[in-house]
Structures are given as C-alpha cells and as structure tokens.
Amino acid sequence: MADMQGERAVGDVLPFVSPVFDLLLEAWRQVRVELLVPLLNAAVALCVVMSVILLAEKVFLGVISAAVNVLRRRSGRPYKCDPIVQDDETGSAAFPMVLVQIPMYNEKEVYHLSIGAACRLTWPADRLTVQILDDSTDDEIKELVRSECDRWAKDGVNIRYETRKDRAGYKAGNLKEGMRHGYVQGCEFVAMFDADFQPAPDFLVRTVPLLVRNPRLALVQARWEFGESCDKVTLYSVFFFSKWT
C-alpha cells in the first residue's frame with residue numbers, strides 16, 4: 001500500500017518537473033548559441049590576430065638583423081668619449097663636479113660595500129661629493145652607516161650623510177630630497193647607485209666624458225655583473241648617470 005502511494009506521489013510530481021527541465025535546457029541552448037559561441041569565436045579571432053602580429057614582429061626583426069649584418073652597419077650612432085685630462089695650470093678644474101647618490105633602507109649587510117666603492121672612485125677629491133641618503137628605520141643600522149661615513153670623511157672624502165623625517169616617495173622621494181641640499185647646486189652631473197652596487201673605480205672616468213663630449217646626451221646607462229656568489233650573467237643595470245639641470 002505504501003509503495004503504491006509513493007509511486008502515485010512521484011507520478012504527480014513528474015508532470016511539473018518535466019516542463020521545468022525542458023525550459024532550463026532550452027534556456028541553456030539559447031545562452032550557448034547567442035552568448036558563448038560568439039565569445040569563443042571572438043577569442044579565436046583575437047588569438048589569430050595576436051599570432052599574426054607576433055609573426056610579423058619576428059619577421060621584421062629578422063629582416064632588420066639580416067640587413068645590419070649584410071650592410072655591416074651598427075645600430076645607433078657613435079658618441080665621442082675622449083678622456084678628461086688634468087691641466088697643469090688649472091689643476092682639477094677641467095673635471096666637472098660630480099654628485100654620487102646612494103639611497104639606503106636598512107642595508108645592514110651591504111652598506112659598507114657600496115659606500116666604500118663610491119669613496120674609491122677615481123676622480124679628483126675636490127670635484128666629487130658622495131651623498132648617503134639613509135631612510136633606515138633601525139637606529140642601530142643608522143648609527144653603523146653614519147660611522148662608516150665619518151670614517152671615510154676622516155680620510156679626506158667629501159661624503160655627506162643625510163636623513164629625513166619620513167619616507168615620502170620612498171626611494172624616488174629620497175633621491176629628490178637629496179637634491180634640495182645647497183651643496184648639490186654646484187654639481188654638474190649626478191650618479192645614482194643602489195645600496196648593493198659596487199661600481200668599479202674607473203666608472204666615472206669611463207662615463208663622465210660621454211656626457212661632457214656630447215652636450216645633447218643627458219643619460220648614460222652602464223651594465224653590471226653579479227658577484228661571485230651568483231651565476232656569471234651580465235645584465236643591463238640601473239646605473240644611471242644623468243646630467244644635472
């Protein structure tokens with residue numbers, strides 16, 4: 001008797017479920033035809049267009065590279081790079097004033113390396129200013145950096161240790177704040193190094209002449225190599241040497 005009642009209940013529900021299921025199925029078909037299919041077609045067309053663009057780029061670069069190799073022409077134009085020579089009469093006056101900026105932020109492991117490398121740069125001492133811009137939040141690290149600057153100052157290096165009240169603008173803001181000091185106004189060129197960089201002693205000797213001999217040139221970007229603890233891979237670095245305006 002109970003089984004018969006259950007079958008009767010299911011039979012009563014089926015007439016209502018079947019139309020709802022049919023409606024849902026029909027709605028899905030419409031969504032698929034009117035929405036999903038056009039979207040998929042558009043995606044396929046976009047992929048085809050992007051593939052064509054990438055192929056055209058590869059072909060263009062290949063043609064240019066082949067043309068350069070065949071014609072033996074170098075890209076870009078050569079720049080004058082005659083070394084700056086000290087005059088016996090004027091002394092170091094032939095060398096422009098250079099400002100070296102090193103922004104720092106809690107650089108306990110590397111601060112002494114970058115400061116030491118900057119202070120060892122081959123350049124007349126009276127034509128070079130090393131500016132350490134310390135944004136450290138650790139008082140102990142600040143004292144270490146300050147002591148390192150004092151040590152080099154005692155050796156005759158014109159090094160300035162600067163801090164500020166807040167970290168507005170972060171590294172860029174720190175560099176900008178460093179430009180506001182009065183002693184910076186006499187500098188013609190600015191070299192910027194990260195706190196973990198160790199420029200070679202002849203960095204200024206090799207880069208400054210490019211800016212001096214080419215008045216229309218405003219920026220020189222060098223390259224660097226990882227240290228011995230990393231793979232020997234040469235990359236373009238963020239060594240920027242910009243003309244002070």
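Any read-out appearing in this document is the output of simple, stated calculations on the displayed coordinates, not a laboratory observation. All values reported here derive from a predicted model rather than from experimental measurement. Cβ: placed from backbone, ideal geometry, glycine included. Neighbour counts: every protein chain shown.
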Point to revise | Residue exposure sequence - Phe197, Phe203 - by fewest surrounding Cβ within 10 Å | key: Phe197, Phe203
Check your understanding: Once you wrap a convex hull around the alpha carbon atoms of the stretch 92-243, what is its projected area averaged over all directions, in nm²?
Key -> 9.5
Point to revise | HN-Hα J in Hz across the stretch 88-100 - Karplus 6.51, -1.76, 1.60, θ = phi - 60°, x for Gly and Pro | key: 5, 7, 8, x, 7, 5, 5, 8, x, 6, 10, 10, 10
Exercise for review: Anything over 32 Å Cα to Cα? Flag those among Lys80/Lys142; Lys80/Lys154; Lys108/Lys154; Lys108/Lys176, in the order listed.
Suggested key: Lys80/Lys142; Lys80/Lys154
Check your understanding: Quick one: length gained pulling Lys165 to Asp82 fully straight, 0.36 nm per residue minus the C-alpha distance?
Key -> 25.6 nm
Revision key, fill the gap. Between Trp224 and residues 5 or more places away or on another chain, the pairs with built amide H atoms under 5 Å apart involve Leu235, Ser237
Point to revise | Met192, Met50, Met104, Met179 arranged by Cβ crowding within 10 Å, fewest neighbours leading | key: Met50, Met179, Met192, Met104
Check your understanding: Which Cα, out of Val157, His181, Leu144, lies furthest along the positive dipole direction of the stretch 143-190 (beta carbon charges, K/R +1, D/E -1)?
Key -> His181
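At a threshold of 8 angstrom on Cα-Cα distance, excluding pairs fewer than six apart, so keeping six or more, what relative contact order does the stretch 92-243 reach in percent? Can you show the working numbers first?
On the way: 256 pairs, mean separation 43.9, N = 152.
The normalised contact order for the stretch 92-243 reaches 29 percent.
Calculate, for Thr122 and Val48, the FRET efficiency according to 1/(1 + (r/R0)^6) with r their C-beta to C-beta distance and R0 51 Å; round to the nearest 0.05. Show your work: numbers first, answer last.
On the way: r = 57 Å, r/R0 = 1.12.
Working from the Cβ atoms, E equals 0.35.
Please get the size of the charge dipole for the stretch 92-243, origin at its Cα centre, with Cβ charges of +1 on Lys and Arg and -1 on Asp and Glu, quoted in debye to the nearest 20. Can you show the working numbers first?
Numbers: 20 positive and 22 negative charges, 164 e Å.
Computed about the Cα centre, the dipole is about 780 debye.
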